[in-house]
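Down below is the structure, laid out as structure tokens.
Coordinate-derived values only; no laboratory data. In this text, all values refer to a predicted model and were calculated from it rather than measured experimentally. Using ideal geometry, Cβ is built from the backbone for each residue, glycine included, and neighbour counts are taken over all protein chains shown.
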């Protein structure tokens, strides 16, 4: 009975943490679908692969979304013509480099910017490398068939640029379109959030954290353990720094940076959301690349700041 109560508490706390950011994400997604045109994106997005990836890495500063709310925004941006590498760079860095998360990290580590800057810098390096590699491995958008068809239908129905300026629908109609799209997106994403939170809560309940900590005997295994814990715990990026700071007595700076970088990029909740949007091969490749790059960057951080 006590175990079930613990599982229920963890599950509900994850849902309550994530829902505000899911709502923010789907509303932003609806605004992008209705008001942002492919022509505008083509005008502001650099053509160069590396420059557009850097832009994607930096856009997250302006979007206070966690890893749950970032998936629908990314899906909409990709559907609007943002290159895959730029969209993935935004999706990976957005939950980490936004001001809310960085300030929370500053507070969690004793009002010091050191770990916040390490976290932000590591996230940008990981996201940049992963996104560039992804751009070569997947020249076409790896959407699941249902989402690819949905994108085409939505673009035909709602794209303002498809008609002359005089034929644009009134603002009231456009705002109604935003709300309709947001509601549909919320229920589309929400089921993956609930399932992911339930799995994460069960793993936290039945896999003792202490048993994982004992595995961290050296730099490599310590970072791997922290990557595994970040995936299993599936914490919201606005709160994970306070948990990470409690591990300072057991893990090195490098291993803690791995926890702070990998968790917001890949966890159980957003893995299921990604599988609902992208093809399985793409999701597996993305997770493998993020894990590998996070491990290597954490080892470098350990050498420089350990």
When the convex hull of its Cα atoms is projected in every direction, mean area for the stretch 219-299 (nm²): 4.9 nm²
Length added when fully stretched, residue 41-residue 304, from 0.36 nm per residue minus Cα-Cα: 90.8 nm
Label-point separation, residue 5 to residue 61 (7 Å along Cα→Cβ), nm: 4.8 nm
Over the stretch 79-145, relative contact order from alpha-carbon pairs under 8 Å, at least 6 apart, %: 42 percent
Inter-label distance for residue 48 and residue 144, nm, one decimal - labels placed 7 Å from Cα along Cα-to-Cβ: 3.8 nm
Residue 284/residue 19 FRET efficiency (R0 35 Å; Cβ-Cβ; nearest 0.05): 0.80
Added length on full extension, which subtracts the Cα-Cα distance from 0.36 nm per residue, residue 194 to residue 175: 4.1 nm
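Take peptides 269-276, 253-260, 98-105, 3-10 and line them up by average Cβ neighbours within 10 Å, highest first, as a rough protection proxy. Each step should come with its number before you reach the end.
Values: 269-276: 22.8, 253-260: 27.8, 98-105: 19.2, 3-10: 13.1.
Peptide ranking by packing, descending: 253-260, 269-276, 98-105, 3-10.
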Peptides 71-77, 291-297, 240-246 ordered by average Cβ neighbours within 10 Å, highest first: 71-77, 291-297, 240-246
Dimensionless Rg ratio for the stretch 62-143, taking C-alpha atoms and the 2.2 N^0.38 Å reference: 1.19
